[in-house]
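Chemist: To start, I am sharing the structure in question, which I have written as structure tokens.
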Amino acid sequence: MKAFMRPVDFRQDIRVKRLMSDLPGGIGYGVAMLTIETLSGQPGMRYPTEAIDLLAYDIGVSLPILTTVLTKYALFDEIKDENGKNYICPSLNVWQEPYAKKVQINSLRGQMSGIKKQLGLELQLKELTQTLSSSDSSKQIINKKNKEIKKTLSLRETKNLKQHLINKYNNTGETWEGVGGYKSLSIRNGYLHNNISGKDLTPSEAVEVWGEITNLYKNQQEQKEGDNQ
């Protein structure tokens, strides 16, 4: 609800004293105050001249008395603009300035509060994004580390199985057919030996083949354990 402000000494204004003298019993003062109160609630704090009969009806006073109050005591002015003729109260505009400023300040404060909340939400979103980004980075680091660990374990397991196979099948004549693209392989003197060419595999050739042989041996062992269960 819009506030209606007026000075407490309004009735001490000489124009108001004259009004109260001409229209005693509170009639003049009451009509003036009700008119000002009505104006304060109107758009632009003005009232159409052509509709003052309706204003008189709302206030509960005759049209001649209202017209007298509006035109005789310089409390109200009739202005004409692109919207037609209207009555205003110059004093009302002055009285309402503090209220209007207060409303404006409160509005600005509300806007600032809204902006701060928006900035706060944007900051939270930024922090959340950074957190998620950091989380994603952490996940990537952890996944990378896990892969490295798995790779290390795999290499260690391959190395252990390789040594086991050497201990078990070295110079025994045990052969592996079709592994690593070779027709026939065996272990001689601790090295993989190509039975077809009669030569040992070079270290670079042996790396991949050992991987295949150890995987083949591991799968065979797991299958045997499964069959036993």
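Chemist: Among the residues of the stretch 156-192, write down those that are surrounded by fewer than 13 Cβ atoms within 10 Å (Cβ to Cβ) and in a helix (DSSP H, G or I).
Modeler: Within the stretch 156-192, ARG156, LYS159, ASN160, GLN163, HIS164, ASN167, LYS168, GLY181 meet the criteria.
Chemist: At pLDDT 80 or above and not charged (D, E, K, R): does that describe GLY114?
Modeler: no
Chemist: Check LYS85, LYS126, LYS72 and return the single one that is at pLDDT 70 or above and in contact with a Ser or Thr (Cβ under 6 Å, 6 or more places away or on another chain).
Modeler: Residue meeting the stated conditions: LYS85.
The values are calculated or read from the model by the stated rules, or taken from the named source; none is laboratory data. These figures come from a predicted structure and were not determined experimentally. No Cβ is skipped: glycine too gets one built from the backbone with ideal geometry, and neighbour counts run over all protein chains shown.
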